[in-house]
1. Test each condition in (1) touching a residue at least 60 places away in the same chain (Cβ under 8 Å); (2) in contact with a strand residue (DSSP E or B) (Cβ under 8 Å, 6 or more places away or on another chain); (3) not in a strand (DSSP E or B) for residue 355 and report the one that comes out false.
2. Every residue in the stretch 213-241 that is more than 16 Å from residue 267 (Cβ to Cβ), outside any strand (DSSP E or B) and within 24 Å of the chain's Cα centre (by Cα), please.
3. For the stretch 53-62, does any single residue satisfy the condition of being at pLDDT 95 or above, touching a strand residue (DSSP E or B) at 6+ places or on another chain (Cβ under 9 Å), under 18 Å from residue 401 (Cα atoms) and in a loop (DSSP other than H, G, I, E, B)?
4. State all residues of the stretch 268-290 that are farther than 18 Å from residue 343 by Cβ and in a strand (DSSP E or B); if no residue qualifies, say none.
5. Determine whether residue 382 is touching a helix residue (DSSP H, G or I) at 6+ places or on another chain (Cβ under 9 Å), part of a strand (DSSP E or B) and either buried (at least 16 other Cβ atoms within 10 Å of the Cβ) or in contact (Cβ under 8 Å) with a residue 40 or more places away in the chain (or both).
6. Regarding residue 250, is this residue in contact (Cβ under 8 Å) with a residue 40 or more places away in the chain, farther than 20 Å from residue 159 by Cα, surrounded by 16 or more Cβ atoms within 10 Å (Cβ to Cβ) and within 21 Å of the chain's Cα centre (by Cα)?
7. Can you find, within the stretch 41-62, the residue that is nearest to the chain's Cα centre (by Cα) among those that are at negative phi and buried (at least 19 other Cβ atoms within 10 Å of the Cβ)?
């Protein structure tokens, strides 16, 4: 039975991956050789690592993120996520990809059910002192776009990109990249009386230069200079140009992940929209310390577009911390918490308060049991709460239930 399931999953993954749009370009120091060598199994030259997960199998006590005065609705929910990573060597080059489907179920509120697909792929050609990369991705989802919009809104996101990287010196690389992406909401997607297609459909064109220096085989530092143009299909008054200068570091051993900090100049093309100049940051790091304790930190500071015409964007500043501990034998526990601050910027010609800031706090935890290598059963509890000066925009919600993760 297991062999049949594995083969069926691989055939499905193979079919979807080669019919999908390729994904985001590989990181500058990506090493598909090692990942492919650790793949679960092969079908000819194709190497595949599939997984399947059951998450959120439990209760969501605020399905629509409603304020307490509106009597939040509760429902039984579950999400099944089959996924796979793929690698294929073609001579000296690599094709890589991933496919993931979220099958979201609500027992009572059928309108909240959805099938969300994410498909990625990339081509990597390493030459003597030159590396060529190309890729892209496609996301089709009916989920909340972020912390601001509570409605599960059907939308797609796509991107294509390419890069040329040159080894300038022994361990120093210079890369030029270009990408183009789109965000496209369904015409029926509406939140707080605003049509999201009209407000947020846009295309993004980005060019960047990167200088990277490898300190060790798994540690590097880099400096990025990036220019981005955002052009809105139906709301040209939201058009903007952005420039970012970032310095970062990437780790790959006991400390894993990356961190980058820099300066962003966000310049709307409309004179009625204020600009932003300030800190930009993205951190995604984890470290395993003695005793089987793993600490992970995620942080971000960036400009995000709002659905609100009067307050067309906000500065999102957030941090999430999680600590996982192996307790005894196959049992582990996790605690997590975070805070997100959404600082809005109002139009200069608006009478609406322009210094509004929403605060979203999250906390939670779980306990898990490793049934076998690659299989874990867990129980999780998470609460999310938003405080806002906007009437009816604050809420509190609790989700609890079981999760099962299995890697073939």
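The values are calculated or read from the model by the stated rules, or taken from the named source; none is laboratory data. Just so it is clear, the structure is predicted and the values come from calculations on it, not from any experiment. Cβ placement follows ideal geometry from the backbone for every residue including glycine, while neighbour counts extend to all protein chains displayed.
1. (1)
2. Scanning the stretch 213-241 gives 218, 219, 233.
3. yes
4. Correct list: 283, 284, 285, 286, 287, 288, 289.
5. Spelling it out, it is not the case that residue 382 is touching a helix residue (DSSP H, G or I) at 6+ places or on another chain (Cβ under 9 Å), part of a strand (DSSP E or B) and either buried (at least 16 other Cβ atoms within 10 Å of the Cβ) or in contact (Cβ under 8 Å) with a residue 40 or more places away in the chain (or both).
6. Values: in contact (Cβ under 8 Å) with a residue 40 or more places away in the chain: yes; farther than 20 Å from residue 159 by Cα: yes; surrounded by 16 or more Cβ atoms within 10 Å (Cβ to Cβ): yes; within 21 Å of the chain's Cα centre (by Cα): yes.
In short, yes.
7. 55
Table: residues versus (1) more than 30 Å from residue 271 (Cα to Cα); (2) within 22 Å of the chain's Cα centre (by Cα).
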site	(1), (2)
340	no, yes
350	no, no
354	no, no
365	yes, yes
371	yes, no
374	yes, no
380	yes, yes
394	yes, no
